[in-house]
Amino acid sequence: METAATPAATLFGLPMSIIGLLVAIFVLIYLVLRTRVHAFIAMIIAASIAGIFGGLSATDTIAAISKGFGNTLGSIGIVIGLGVMMGRILEVSGAAEKMAFSFIRFLGEKKEEWALAITGYIVSIPIFVDSAFVVLYPVAKALAKNSKRSLLTLGVALAGGLVVTHHTVPPTPGPLGVAGIFKVDLGAMLLSGMVFAVPCVLGMVFYAQWLAKRYPDFNREAFSDDELRDKLDNYIEQQEAKKLPSLFLSLLPIVLPIALIFVKAIVDMIAKGAIGDDAAWQAFQAGGLYQTIAFIGHPIIALAISVLIAVYTLLPNTSAHDTAVYLEEGVTSAGIILLVTGAGGALGAILRDSGAGKELAEHIANHLPFSPIMIPFIVATLMRFIQGSGTVAMIAGASISMPILAEIDGINMLLAANAATMGSLFFGYFNDSLFWVVNRMMGIAEVKTQMIVWSIPTTIAWGIGGAFVAVANLIFGKGGSIVDPLLPLVILSLVMAYVMHMDRRIKTQ
């Protein structure tokens with residue numbers, strides 16, 4: 001079946017496939033911003049417009065949408081479902097709270113912000129970031145009451161650790177969807193996301209420490225004198241009195257699937273390098289040892305094992321009915337994420353079949369001042385700013401850019417996937433649910449202060465993450481430009497200068 005757009009069809013000197021994409025993106029943005037149409041339906045409408053304008057027939061357009069939706073969810077839908085099940089168990093069992101409490105005691109006094117950031121970094125891998133902040137915020141609040149540590153520092157450090165891995169590390173649904181769209185190895189995506197997340201979290205924690213100097217009286221403004229008289233000793237006694245699972249059991253459901261996926265990836269890498277010969281490699285793959293490693297190291301099996309372990313170790317005395325309810329609550333929360341991820345795959349299939357990806361690749365290779373690896377970063381950044389959802393932003397960035405990058409030789413698709421996830425961190429503000437969760441729970445009502453407390457830290461993570469991905473592409477990729485890492489850093493500097501200017505105006509009023 002012929003599905004490519006007619007090459008000769010042009011308008012204003014541009015191929016109709018590109019015109020279709022531009023119209024589709026405009027409609028997508030308009031529907032999300034100005035109407036009550038959900039992002040999922042808006043993406044399906046945009047995919048349909050891109051297909052029809054790009055020269056596909058109506059039936060070919062529907063076929064491409066169905067194929068793209070099914071192929072994307074077929075690769076990662078089960079993993080998303082298992083991941084949110086595990087996250088729900090960690091949440092209701094108290095495992096997340098146990099991790100925070102343990103890290104705080106281990107690191108000691110005056111390092112609470114680092115303990116909370118580390119906790120957030122780990123906990124948000126399987127747990128949705130909004131829920132994780134609500135569960136762990138009482139820990140930050142109790143610590144702030146102890147010895148006049150800034151609640152801003154502790155709250156932003158906790159939220160910083162949570163938001164970065166939520167945006168960059170599978171099995172969080174967004175990064176899983178991006179990995180599926182770019183068809184990159186999930187183990188490699190997991191490892192690279194964790195590595196790139198570290199400097200982002202560091203930057204947010206250092207900024208959180210600065211907030212304590214900028215707002216030294218924030219605790220007293222947010223809490224009454226009676227609340228400030230509470231001591232950390234009381235908090236520790238309360239935690240020790242709770243029937244929380246051990247730290248080992250709390251960490252096991254997170255660490256185990258990561259370890260299993262890593263083992264499989266490492267065996268593949270070492271064995272391929274050592275064997276070399278194709279026939280010998282195929283024989284090794286057929287062996288029982290490799291088949292066992294490949295089976296338990298597959299993300300679906302690794303996460304299924306993790307969910308079972310979480311159920312029987314973290315909820316040992318919970319009834320079968322209550323356990324099923326918890327697991328189903330987790331799946332319910334992932335429903336719309338699955339639909340949006342599938343819609344992203346549908347849009348990507350349309351761009352491939354209409355020829356828009358190939359046409360744009362040719363234009364980009366010849367005219368852009370930065371390398372193609374930055375396309376998913378820029379698209380995700382724009383979508384994040386327009387509609388707020390990081391998941392929708394990274395899925396849109398991956399869906400639009402993947403068919404383009406697939407036409408350019410030498411693109412490192414793993415780094416492209418990381419670029420899409422990093423772009424989705426940009427400037428969390430009014431249309432981002434976590435913006436309101438963080439600010440409202442900390443009692444911040446003034447809009448400009450809200451932006452200083454949360455919009456700037458997320459932009460710091462965005463700038464650092466984007467720059468690190470660009471530098472990695474210069475070292476390990478192909479066709480990188482020195483402009484690439486400068487782009488996010490320059491924009492970060494401009495955003496910070498603007499917000500700090502507003503901050504000075506607040507201070508002088």
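The values are calculated or read from the model by the stated rules, or taken from the named source; none is laboratory data. The shown structure was predicted, so the numbers you read here are calculated from the model rather than taken from an experiment. Cβ placement follows ideal geometry from the backbone for every residue including glycine, while neighbour counts extend to all protein chains displayed. Heavy atoms of the whole protein, side chains included, go into the accessibility calculation; ligands, DNA and RNA do not. Shrake-Rupley method; radii C 1.70, N 1.55, O 1.52, S 1.80 Å.
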Examine segment 379-394 for a residue that is within 18 Å of Pro175 (Cα to Cα), free of Cβ contacts under 8 Å to residues at least 60 places away in the same chain and β-branched (Val, Ile, Thr), and state whether such a residue exists.
yes
Which of the numbered conditions does Ile104 fail, given that it passes all the others? Conditions: (1) more than 23 Å from the chain's Cα centre (by Cα); (2) open to solvent by less than 50 Å² (accessible area, probe 1.4 Å); (3) within 27 Å of Lys243 (Cβ to Cβ); (4) touching a residue at least 40 places away in the same chain (Cβ under 8 Å).
(4)
Residue selected from segment 445-485 under the condition free of Cβ contacts under 8 Å to residues at least 12 places away in the same chain and over 19 Å from Ala416 (Cβ atoms), by the criterion surrounded by the most Cβ atoms within 10 Å (Cβ to Cβ):
Val447
Out of all the residues in segment 451-472, which are out of contact with any Lys or Arg (no Cβ under 9 Å at 6 or more places or on another chain) and modelled with pLDDT under 90?
Met451
For segment 298-337 the number of residues that are open to solvent by less than 40 Å² (accessible area, probe 1.4 Å), over 19 Å from Ser131 (Cβ atoms) and of a type in the set (S, T, N, Q) is 0
Kindly provide the set of residues from segment 9-32 that are assigned to a helix (DSSP H, G or I) and open to solvent by 70 Å² or more (accessible area, probe 1.4 Å), ordered by number.
Leu22, Phe26, Tyr30
Pairs, first open to solvent by less than 10 Å² (accessible area, probe 1.4 Å) in segment 147-173, second among the charged types (D, E, K, R), C-beta under 7 Å, six or more apart
Leu151/Lys141; Thr153/Glu113; Leu154/Glu112; Leu154/Glu113; Ala157/Glu113
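For every residue, the table says whether it meets (1) open to solvent by 40 Å² or more (accessible area, probe 1.4 Å); (2) among the β-branched types (Val, Ile, Thr).
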position: Leu339; (1), (2): yes, no
position: Leu347; (1), (2): no, no
position: Leu368; (1), (2): yes, no
position: Ser371; (1), (2): no, no
position: Gly390; (1), (2): no, no
position: Ile400; (1), (2): no, yes
position: Leu405; (1), (2): no, no
position: Ala420; (1), (2): no, no
position: Tyr429; (1), (2): yes, no
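Specify which of the listed residues (Gly330, Gly348) is within 19 Å of Ala416 (Cβ to Cβ) and either under 16 Å from the mean Cα position of the chain (by Cα) or in a helix (DSSP H, G or I) (or both). Don't jump to the end; show me each part of the working.
Values: Gly330 fails: within 19 Å of Ala416 (Cβ to Cβ).
Criteria check complete, one pass: Gly348.
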Looking only at residues that are crowded, with 24+ Cβ neighbours inside 10 Å and β-branched (Val, Ile, Thr) in segment 174-200, which one is nearest to Phe133 (Cα to Cα)?
Val178
Answer yes or no as to whether Thr35 is polar (S, T, N, Q), more than 30 Å from Leu315 (Cβ to Cβ) and crowded, with 17+ Cβ neighbours inside 10 Å.
no
For segment 398-434 the number of residues that are touching a residue at least 40 places away in the same chain (Cβ under 8 Å) and assigned to a helix (DSSP H, G or I) is 20
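Which residues, taken from segment 349-362, are among the aliphatic types (A, V, I, L, M) and surrounded by 24 or more Cβ atoms within 10 Å (Cβ to Cβ)?
Step one: of segment 349-362, the residues among the aliphatic types (A, V, I, L, M) are 349-351, 356, 360-361.
The answer is Ala349, Ile350, Leu351, Ala356, Leu360.
Would you mind listing the helices (runs of 4 or more DSSP H) fully within segment 106-187 where at least 3 residues are among the hydroxyl-bearing types (Ser, Thr, Tyr) and at pLDDT below 90?
129-147
If we keep just the residues of segment 42-62 that are closer than 17 Å to Met394 by Cα and of a type outside the set (Gly, Ala, Ser), which is least open to solvent (accessible area, probe 1.4 Å)? Even if it seems obvious, please write down each step before you answer.
Of all residues in segment 42-62, those closer than 17 Å to Met394 by Cα come to 42-44, 46-47.
If we keep only those that are of a type outside the set (Gly, Ala, Ser) as well, we get 43-44.
Working: Met43: 2, Ile44: 44 Å².
This residue is Met43.
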Residue hits (segment 274-317; in contact with a Leu (Cβ under 6 Å, 6 or more places away or on another chain) and part of a loop (DSSP other than H, G, I, E, B)) are Gly297
